[in-house]
Amino acid sequence: MSNAVSSSINNHLDMGLNMGLDSGLDMGLGNDLDMGHGSGMNTGTSTADRLRAILVKDYKLNPEQLTPEARLVDLGLDSLCIAELMFNIEDEFGVEMTSDPTQIATFADVVQFIDELLAARSSSCLPSYRSASSAVPEDNSYASAQSSVSTVNGVPLAT
Amino acid sequence: MRRVAVTGIGVVCPLGHSASEVFDAARAGRSAIQRLAHPAAHRLTAPLAASVQFDAAEHFEPQQQRLLDRVSHFAVVAAERAFADAACELTPFERARAGVFLGTGMGGSLSLDDAYQTLYGEQSNRVKPMLILQGMYNAPAAWIGIKHALLGPNLTYSTACSSASVALGEAWLRVAHGMLEVAIAGGSEAPLSLGSLKAWEAMHTLASVDSDDPSTSCKPFSKNRSGMVLGEGAALVVLEPWERALARGATIHGELLGYGLSTDTGHITRPSVDGQAAAIVAALTSAGIRAEEVDSINAHGTATQANDSVETAAIKRVFGARASRIPISATKAIHGHLLGATGALEFVLSLLALKNAVALPTMHLQMPDPECDLDYVPNTARAGAAGRTMLSNSFAFGGTNAVLALRAAAF
């Protein structure tokens with residue numbers, strides 16, 4: 001993960017939290033076509049409003065606290081929460097994080113980060129979603145992994 | 001060696017949410033086993049379970065609720081209840097010498113099952129960021145430690161169906177030997193996912209459905225027993241030195257006298273008379289009591305063909321001719337098999353049996369089995385029969401046999 005992310009929330013990071021943030025950012029970039037929301041087509045509400053709605057719903061935060069300059073750490077969001085938040089943002093906005101966010105310290109930073117992702121998506125000629133089928137290994141490695149567990153070093157496992 | 005008092009009881013289990021609820025249900029023989037309400041229940045040969053009525057939202061903020069697997073929800077709430085019951089304040093010195101000892105057989109298996117559904121069922125890569133923290137086996141114990149700032153050892157034991165008894169025994173050891181001032185110990189389990197139900201079914205260990213009354217499907221020691229029914233829940237107790245409990249005027253629920261371990265090495269699942277008898281003898285030795293002092297037993301009593309006959313033979317081996325005069329209760333008939341938590345729930349039921357001087361019934365025992373010919377207190381509780389000193393047996397796949405010895409506080 002980038003040092004910038006670490007430093008932006010460094011007061012609340014220890015090794016464990018770093019790990020949580022890493023995993024939140026590095027994974028989950030596949031399709032979410034079945035996740036219920038995340039159409040990304042909702043243009044009637046601002047990014048800030050939609051982010052606010054997530055934070056109110058999932059973290060029981062008071063909407064009045066969620067000013068642009070409010071710092072995430074002051075809102076009680078540690079790095080684990082932020083990792084989870086990024087996951088939820090991908091769902092809600094239908095975006096995909098292809099790189100680590102940098103300098104996310106305040107509510108406004110998150111809004112800006114989302115807007116950049118939305119802009120990148122709309123300017124791209126490629127679809128931002130991977131197709132559902134791309135999650136299936138093309139080399140059929142799933143099937144080979146399945147068959148491989150029935151033996152250990154060539155010795156069949158008892159069934 | 002110090003005497004060890006049990007001063008707090010906390011339960012979240014199929015029989016109820018307090019010691020009195022649980023005891024009342026056990027005394028009355030009210031079964032919590034039901035047909036399983038699960039969207040995929042139709043895929044099970046015998047869709048049965050003993051579930052807990054539990055709404056995590058009543059106990060946790062949304063963020064915490066998402067971060068903890070159900071197994072941790074149960075453990076944290078049961079610990080909360082145990083500490084509330086014990087009403088003990090810890091000094092900073094004691095906090096540094098306070099430990100958590102928790103048994104779980106399957107950890108956060110519901111979260112893992114859910115993630116596998118995402119990965120393989122939906123072919124999606126969107127595994128939740130909290131999965132590691134939900135799934136890891138030590139999460140329930142860790143959350144108890146965090147919530148109560150318990151700074152001593154925080155240990156998780158996973159020896160399948162004896163996990164909680166091992167946790168209780170290991171906690172007892174440390175308190176008895178002066179290594180700890182307070183311990184919270186017990187077990188938690190939340191195994192009712194389709195994945196684990198199918199896995200237990202595939203082992204041919206689960207009871208078939210009693211078509212007349214599904215709640216009677218688990219029939220320990222009965223000739224027509226067909227296996228166990230999975231249950232979920234947590235039971236935890238607060239252990240502290242007897243003198244400390246007396247000094248602070250605590251209500252003492254009973255005394256944990258000692259515990260014995262042995263290991264079956266003949267087979268990964270097949271129990272042995274030798275192994276179970278050895279664990280019982282080890283418990284007597286640890287407790288410093290003679291076999292004649294044991295007044296009643298809470299059996300492992302899973303209602304599998306193998307366990308119940310072997311357990312019967314092991315009890316005969318240790319107690320000889322007197323075995324048939326010892327009331328033996330198999331309470332899994334009504335609360336199901338809580339796997340890594342079951343030893344703790346049965347320990348609690350044993351404490352309450354002693355406290356209330358009632359031998360709890362073994363329900364659904366209608367058909368005597370020549371191989372199971374002891375006094376199982378069939379179908380009706382027996383007032384005045386629990387006596388003063390009990391054993392609580394827990395035996396496990398993997399072979400770790402653990403037996404706890406306990407005594408009523410009033411003696």
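The values are calculated or read from the model by the stated rules, or taken from the named source; none is laboratory data. It should be emphasised that the depicted structure is a prediction, and the values quoted were computed from it without experimental measurement. Neighbour counts run over all protein chains shown; Cβ positions are idealised from the backbone, glycine included. The area values use the complete protein model at the heavy-atom level, side chains included, leaving out ligands, DNA and RNA. Shrake-Rupley method; radii C 1.70, N 1.55, O 1.52, S 1.80 Å.
Inspection of region B:114-125 identifies no residue that is surrounded by fewer than 18 Cβ atoms within 10 Å (Cβ to Cβ), part of a helix (DSSP H, G or I) and away from every other protein chain (no Cβ under 14 Å).
Within region B:361-407, the set of residues being at pLDDT below 95 and surrounded by 22 or more Cβ atoms within 10 Å (Cβ to Cβ) comprises just one member, B:Ala386. Taking helices (runs of 4 or more DSSP H) as the structural unit, those lying wholly within region A:5-104 and holding at least 3 residues that are at pLDDT 85 or above correspond to A:47-59, A:79-93.
Taking the condition of being more than 30 Å from B:Ala247 (Cα to Cα), assigned to a helix (DSSP H, G or I) and open to solvent by 10 Å² or more (accessible area, probe 1.4 Å), how many residues in region B:162-195 meet it? Summing the residues that are more than 30 Å from B:Ala247 (Cα to Cα), assigned to a helix (DSSP H, G or I) and open to solvent by 10 Å² or more (accessible area, probe 1.4 Å) in region B:162-195 gives 2. Do we find a residue being on the phi < 0 side of the Ramachandran plot and surrounded by fewer than 24 Cβ atoms within 10 Å (Cβ to Cβ) anywhere in region B:227-235? So far as region B:227-235 goes, no, none of its residues is on the phi < 0 side of the Ramachandran plot and surrounded by fewer than 24 Cβ atoms within 10 Å (Cβ to Cβ).
The strands (runs of 3 or more DSSP E) found wholly in region B:210-300 and carrying at least 3 residues that are of a type in the set (A, V, I, L, M, F, W, C) and out of contact with any His (no Cβ under 6 Å at 6 or more places or on another chain) occupy B:233-241, B:254-263.
Does B:Ile315 satisfy being outside the structural domain of B:Gly10 (by TED's automatic domain parsing), surrounded by 19 or more Cβ atoms within 10 Å (Cβ to Cβ) and part of a helix (DSSP H, G or I)? So B:Ile315 fits the description; yes. Condition test on A:Gly76, is it small (Gly, Ala, Ser) and within 12 Å of chain B (Cβ to nearest Cβ)? Yes; evaluated as a whole, the condition is true for this residue.
Inside region B:33-60, can you point out the residues that are among the aliphatic types (A, V, I, L, M) and not in a helix (DSSP H, G or I)? Passing the criteria: B:Ile33, B:Leu36, B:Ala37, B:Ala40, B:Leu44, B:Ala46, B:Leu48, B:Ala49, B:Ala50, B:Val52.
A quick yes/no check of all residues on (1) buried (at least 24 other Cβ atoms within 10 Å of the Cβ); (2) more than 14 Å from chain A (Cβ to nearest Cβ); (3) in contact with a strand residue (DSSP E or B) (Cβ under 9 Å, 6 or more places away or on another chain):
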residue: B:Arg27; (1), (2), (3): no, yes, yes
residue: B:Arg43; (1), (2), (3): no, yes, no
residue: B:Ala49; (1), (2), (3): yes, yes, yes
residue: B:Ala57; (1), (2), (3): no, no, no
residue: B:Phe60; (1), (2), (3): no, no, no
residue: B:Asp69; (1), (2), (3): yes, yes, no
residue: B:His73; (1), (2), (3): yes, yes, yes
residue: B:Ala79; (1), (2), (3): yes, yes, yes
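B:Met106 passes every criterion in (1) within 14 Å of chain A (Cβ to nearest Cβ); (2) within 18 Å of the chain's Cα centre (by Cα) apart from (1). The residue list B:Phe411, B:Phe347 contains one member that is among the aromatic types (Phe, Trp, Tyr), over 24 Å from B:Lys223 (Cα atoms) and modelled with pLDDT under 95, which is B:Phe411. Screening A:Ala70, A:Ala83 for residues that are open to solvent by less than 40 Å² (accessible area, probe 1.4 Å), more than 13 Å from A:Thr47 (Cα to Cα) and more than 14 Å from chain B (Cβ to nearest Cβ) leaves exactly one candidate, A:Ala70. For region B:127-144, taking the residues that are farther than 23 Å from B:Gly99 by Cβ and outside any helix (DSSP H, G or I), the one that is nearest to the other protein chains (Cβ to nearest Cβ) is identified as B:Pro129.
Note on region A:86-120: residues that are open to solvent by less than 10 Å² (accessible area, probe 1.4 Å) and among the small types (Gly, Ala, Ser) amount to 1. The one condition from (1) closer than 30 Å to B:Ser286 by Cα; (2) part of a strand (DSSP E or B) that B:Arg2 does not meet is (2). Restricting B:Val348, B:Val310 to those that are in a helix (DSSP H, G or I), open to solvent by 10 Å² or more (accessible area, probe 1.4 Å), β-branched (Val, Ile, Thr) and out of contact with any Cys (no Cβ under 7 Å at 6 or more places or on another chain) reduces the list to B:Val310.
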